[in-house]
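Visitor: Here it is: the structure, laid out below.
What follows is calculated from the coordinates using simple rules that are stated; it is not laboratory data. All figures in this text were calculated on a predicted structure; none of them were measured in a lab. Note: ideal-geometry Cβ built from the backbone for every residue, glycine included; neighbour counts use all protein chains shown.
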Ligand code: MN
């Protein structure tokens with residue numbers, strides 16, 4: 001079965017609008033489902049899209065609902081993600097997440113403790129780092 005799926009009609013939650021941000025390389029869609037005190041966003045990455053390295057002062061939980069993608073912490077190898085995977089990202093751990101080159105990728109992003117402040121955005125994931133994630 002091909003890993004390439006058209007998830008543009010979304011899978012479980014609404015896909016939302018294209019989210020314009022310099023902190024993403026590629027096209028991403030965002031639909032906020034809840035607000036404070038526990039914001040949850042449905043994030044849909046088009047193939048090849050990933051975010052820059054970043055940190056969450058209050059941590060973040062990713063609940064993967066569709067497609068194929070990656071999560072990588074600074075200094076560690078990237079982990080491949082599929083629907084059903086849960087990633088518990090501790091506060092202030094530098095990381096990125098995004099789609100594989102050949103697949104859409106959809107996750108819920110839960111701000112574990114929004115009261116600690118907003119995301120700290122860092123440098124882009126290099127093409128070399130992204131290629132390495134896709135080749136493992
Ligand atoms: Mn994150």
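Visitor: Would you pick out the residues in region 92-109 that are in contact with a strand residue (DSSP E or B) (Cβ under 9 Å, 6 or more places away or on another chain) and away from the ligand (no atom under 11 Å from the Cβ)?
Guide: Here is the first cut: in region 92-109, the ones in contact with a strand residue (DSSP E or B) (Cβ under 9 Å, 6 or more places away or on another chain) are 92-100, 102-109.
Those that are in contact with a strand residue (DSSP E or B) (Cβ under 9 Å, 6 or more places away or on another chain) and away from the ligand (no atom under 11 Å from the Cβ): 92, 99, 100, 102, 103, 104, 105, 106, 108.
Visitor: Got a sec? Which of 44, 34, 65 is more than 20 Å from residue 121 (Cβ to Cβ) and within 12 Å of the chain's Cα centre (by Cα)? Can you show your working first?
Guide: On the way: 44 fails: more than 20 Å from residue 121 (Cβ to Cβ); 34 fails: within 12 Å of the chain's Cα centre (by Cα).
Going through 44, 34, 65 in turn, just one is more than 20 Å from residue 121 (Cβ to Cβ) and within 12 Å of the chain's Cα centre (by Cα): 65.
Visitor: Among (1) under 14 Å from residue 105 (Cα atoms); (2) within 11 Å of the ligand (Cβ to nearest atom), there is one condition residue 28 misses while meeting the rest; what is its number?
Guide: Against the list (1) under 14 Å from residue 105 (Cα atoms); (2) within 11 Å of the ligand (Cβ to nearest atom), residue 28 comes up short only on (2).
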